[in-house]
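These notes concern the structure reproduced below.
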């Protein structure tokens, strides 16, 4: 099997390993872990969140001066890393596809996977896993994580469920991503049993239940539609992830006062004729798009607000 080439990724997208960047995150565990990782090791500032319907961004900042972590923004001047499949057929890409994705690090794109031919083999992990691998290539043995924090890595994007349901695909991607270098976090993972991971996930779920006792479906995501009401919950969640992973939660690096909310239109298509519908949707001049299920296309239109 051909392995992923991290040196090539860093050469093409050097901003992903540069220090003191500004980041916009997805408001879920995967996004929060990415934010903690980059703020702890590379001194990044977390300045906003995006969930496909709303953007929360520190007043006065422009999106093009930030790096989006754990999402795909379809703009040629936006730097980002995500893992969602957003191309139906690699043999028939939209004319603008590679242009708008020119600054996007996406493992499905790197591996040449599309929905028409490779949906069952799409990337099954979180952005945090790919991000750690990239950092380890530039800064060997940089990333450390407490053993009890490994459960949070496997909780991100439901990897702990995917691992048991689609075991072969997960192992295939780990083989593709792992270059053979025995970094500290990888050694720790290899020493951890499945039982330890399951117990860690169970502890995490219990802590989530205590944080939001009235919401049985709350798994560490933040509702940014009313961000001010979620600030304390966000801080408690980040403190928990900090305690588990050992990655510092520095309030100065997560200064989310004086933010502005931008609203967009998120739509979901479910049905047949996927290829024809994909092109029809793509031509709407999208802000973002993701295909998380075989017959579903989630996409965002830049209205009523514009990306700042």
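The values are calculated or read from the model by the stated rules, or taken from the named source; none is laboratory data. Keep in mind the model is a prediction, meaning the values are calculated, not measured. Counting neighbours? That spans all protein chains shown, and the Cβs are built from the backbone with ideal geometry, glycine included.
Okay, here's what the table says:
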| read-out | value |
| --- | --- |
| Any hit, the range 251-274, residues being under 19 Å from residue 97 (Cβ atoms) and either touching a residue at least 12 places away in the same chain (Cβ under 8 Å) or outside any loop (DSSP other than H, G, I, E, B) (or both) | yes |
| Candidates 223, 248 - the one that is closer than 30 Å to residue 86 by Cα, in contact with a helix residue (DSSP H, G or I) (Cβ under 8 Å, 6 or more places away or on another chain) and modelled with pLDDT of 90 or more | 223 |
| Residue tally, condition touching a residue at least 60 places away in the same chain (Cβ under 8 Å) and either touching a helix residue (DSSP H, G or I) at 6+ places or on another chain (Cβ under 8 Å) or within 19 Å of residue 234 (Cα to Cα) (or both), over the range 60-70 | 1 |
| The range 100-122 residues that are closer than 24 Å to residue 167 by Cβ, paired with ones that are part of a helix (DSSP H, G or I) (beta carbon under 6 Å, 6 or more apart) | 107/130; 121/169; 122/108 |
| Single residue of the range 9-42 satisfying the filter (in contact (Cβ under 8 Å) with a residue 40 or more places away in the chain and in a loop (DSSP other than H, G, I, E, B)) that is surrounded by the most Cβ atoms within 10 Å (Cβ to Cβ) | 26 |
| Residue within the range 186-196 that is under 23 Å from residue 38 (Cβ atoms) and either at pLDDT 90 or above or outside any helix (DSSP H, G or I) (or both) present | no |
| Residue 163 at pLDDT below 95, surrounded by 20 or more Cβ atoms within 10 Å (Cβ to Cβ) and either under 23 Å from residue 88 (Cα atoms) or touching a helix residue (DSSP H, G or I) at 6+ places or on another chain (Cβ under 7 Å) (or both) | no |
| Members of the range 255-278 that are within 21 Å of the chain's Cα centre (by Cα), under 15 Å from residue 46 (Cα atoms) and surrounded by fewer than 18 Cβ atoms within 10 Å (Cβ to Cβ) | 255 |
| Single condition residue 291 does not satisfy, out of (1) modelled with pLDDT under 95; (2) in contact with a helix residue (DSSP H, G or I) (Cβ under 6 Å, 6 or more places away or on another chain); (3) within 22 Å of residue 38 (Cα to Cα) | (3) |
| Options 171, 177, 150; residue that is closer than 15 Å to residue 126 by Cα, at pLDDT 90 or above and exposed (fewer than 15 other Cβ atoms within 10 Å of the Cβ) | 171 |
| Single condition residue 242 does not satisfy, out of (1) within 19 Å of the chain's Cα centre (by Cα); (2) closer than 20 Å to residue 58 by Cα; (3) part of a helix (DSSP H, G or I) | (2) |
| Residue count for the range 91-108, restricted to those that are outside any loop (DSSP other than H, G, I, E, B) and over 15 Å from the mean Cα position of the chain (by Cα) | 4 |
| Selected residue [at pLDDT 95 or above, in contact with a strand residue (DSSP E or B) (Cβ under 8 Å, 6 or more places away or on another chain), part of a loop (DSSP other than H, G, I, E, B) and crowded, with 17+ Cβ neighbours inside 10 Å] from 55, 74, 131 | 74 |
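Residue-by-condition table, conditions (1) in a helix (DSSP H, G or I); (2) over 30 Å from residue 17 (Cβ atoms); (3) out of contact with any strand residue (DSSP E or B) (no Cβ under 9 Å at 6 or more places or on another chain); (4) touching a residue at least 12 places away in the same chain (Cβ under 8 Å):
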{"residue": "149", "(1), (2), (3), (4)": "yes, no, yes, yes"}
{"residue": "155", "(1), (2), (3), (4)": "yes, no, yes, yes"}
{"residue": "161", "(1), (2), (3), (4)": "yes, yes, yes, no"}
{"residue": "172", "(1), (2), (3), (4)": "yes, no, yes, yes"}
{"residue": "204", "(1), (2), (3), (4)": "yes, no, yes, yes"}
{"residue": "216", "(1), (2), (3), (4)": "no, yes, yes, no"}
